[in-house]
Amino acid sequence: MTLCWRFTRRLTITPVLMPLVVASIILSFIRMPQIQISSSGGSTVNITILLWYWPFHKNYSLKGDVCLQSYGIINCHLVDNRSLYSSADIVVFHHKELQYHRQKLPLHLPRPDQQRWLWMSLEAPENTGNLDKYAGIFNLTMSYRSDADVTVPYGKLVRKRRDLSSFVLKHKTHLACWVVSNYRAKHRIQVYQELKRIIPVQVYGRAVKKPLTESALLPTISNCFFYLAFENTKSAQYITEKLWRNSFQAGTVPVVLGPPRSDYEAVAPPHSFIHVDDFDSIDSLGHFLQEVAKDEKRYMSYFNWHRDNSIKLYTDWRERLCTICQVYDKLPIYNIYHNLSFSA
């Protein structure tokens, strides 16, 4: 907690008053709530996080002390019971349900003085719609972006020494593959259309009526040398499960299309991906992929990062919400967002 002292005028303290002044200062510190991160990854005061509704209507169990038992975060009470509204320190609202009018904000309820409302979205700005209606409502933001109050990426790089000699890739039967749910993002469709004229691309997903079950997703992708990790928008820092799960976890080399190379370099392992922007034409990209796939040593160099790193995926909403308690003492106390639009 940061203490700011402002002196507006000089005060003369006599020896008679000194004991009273000292006692007053000590008492003020005793009464002051001490909020700090403990060594186990949580706050030293009890924090109640109320999720007003579950994202995408997928409920998770909150029995027991979820944050402690599953993620080692102490003093973090995660609830979804709206009757606890008046005692909640932070109330979380997932934007997607608000955007499509599946849920409403409880604006009719009086908000406790110290309670803060948190706006949560893992979508790129282009996909959130008009946010003007939420001006002056939320105190905190939760997003994949590093400039959010609470940052929750889709995945992250974890330093962990591993034995690369034991790292074995599954035998590859296809040069490239892509799983796509919709064709609305024109920029990635254009790249795909040009690329498939140069190399064969195996395409799966609802958009081509070849959906993959959750259990079949990674085994199918692992058959491919390269995975087209094409984001649906080129927004800053918007790097989703297409890189972390569909590529890295499946054991293939991602060909990325989205934010600039620098954004990928900031979070991904070194020499682990191929960026579309690095090539002056899609033809040259296609020929490069063919050359790398034929050279085993060159191809395997894209997996050298396994020697010192592993990947952590964030897929459980409970873990994301418990993260709030880890940074609770750093969150702004008096803050109101009059503009939720992050620059793309």
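Over 31 Å between Cα atoms: which of Lys96/Lys170; Lys63/Lys234; Lys133/Lys156; Lys58/Lys234; Lys96/Lys160 fall into that group? Write out the running numbers ahead of the final one.
Values: Lys96/Lys170 37 Å; Lys63/Lys234 39 Å; Lys133/Lys156 33 Å; Lys58/Lys234 28 Å; Lys96/Lys160 35 Å.
Over 31 Å apart, Cα to Cα: Lys96/Lys170; Lys63/Lys234; Lys133/Lys156; Lys96/Lys160.
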- Message: For Met300, project a label point 7 Å along Cα to C-beta. Then give me every residue of segment 171-201 with its amide nitrogen under 15 Å of that point.
- Response: 171-172
- Query: At Glu265 and Ser310, where each label point lies 7 Å from the Cα along Cα→Cβ, what is the point-to-point distance in nanometres?
  - Reply: 2.8
- Note on the structure: With a Förster distance of 35 angstrom and the Cβ-Cβ distance between Tyr100 and Thr213, calculated FRET efficiency to the nearest 0.05 equals 0.90
- Could you please state, rounded to a whole Å, how far the C-alpha centre of segment 291-327 is from the C-alpha centre of segment 79-143? 31
- Would you mind getting me the FRET efficiency between Gln69 and Gln193? Use the beta-carbon distance for r and R0 = 45 Å, nearest 0.05. 0.40
- Item | Computed FRET value (nearest 0.05) for Ile336 with Asp277, which takes r as the C-beta separation and R₀ as 45 Å | 0.75
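Among rounded, prolate and oblate, which fits segment 158-227 when a ≥ b ≥ c are the square roots of the eigenvalues of its C-alpha gyration tensor, a/c under 1.5 means rounded, and a/b larger than b/c means prolate? Mind dumping the intermediate values first?
Details: a/c = 2.03, a/b = 1.78, b/c = 1.14.
The shape class here is prolate.
How do the peptides 286-294, 250-258, 58-66 rank, highest first, by the average count of neighbouring beta carbon atoms within 10 Å per residue? Intermediate results must be reported in sequence, preceding the final value.
Numbers: 286-294: 15.8, 250-258: 23.2, 58-66: 12.1.
The densest-packed peptide leads the list: 250-258, 286-294, 58-66.
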- How many nm separate the modelled label positions at Lys186 and Ser61, each set 7 Å beyond the Cα in the direction of the Cβ? 4.9
- Task: Treating cross-link reach as a plain straight distance, find the aspartates and glutamates whose alpha-carbon is under 18 Å from the alpha-carbon of Lys297, omitting any fewer than eight places away in the same chain.
- Result: Asp163
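For a test of the definition: using alpha carbon positions, the gyration tensor, and the 1.5 limit on a/c, classify segment 236-336 as rounded, prolate or oblate.
Numbers: a/c = 3.03, a/b = 1.99, b/c = 1.52.
Cα axes put segment 236-336 in the prolate bin.
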- Which lysines have a Cα lying under 20 Å from the Cα of Lys209, excluding residues fewer than 8 positions away in the same chain? Lys186, Lys196, Lys242
- Let a ≥ b ≥ c be the square roots of the eigenvalues of the Cα gyration tensor of segment 156-313; is it rounded (a/c under 1.5), or, if not, prolate (a/b larger than b/c) or oblate? rounded
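Where a number appears in this text, it was derived from the coordinates with a stated rule and is not lab data. All values reported here derive from a predicted model rather than from experimental measurement. Here the Cβ is made from the backbone with ideal geometry for all residues, glycine too, and neighbour counts use every protein chain on show.
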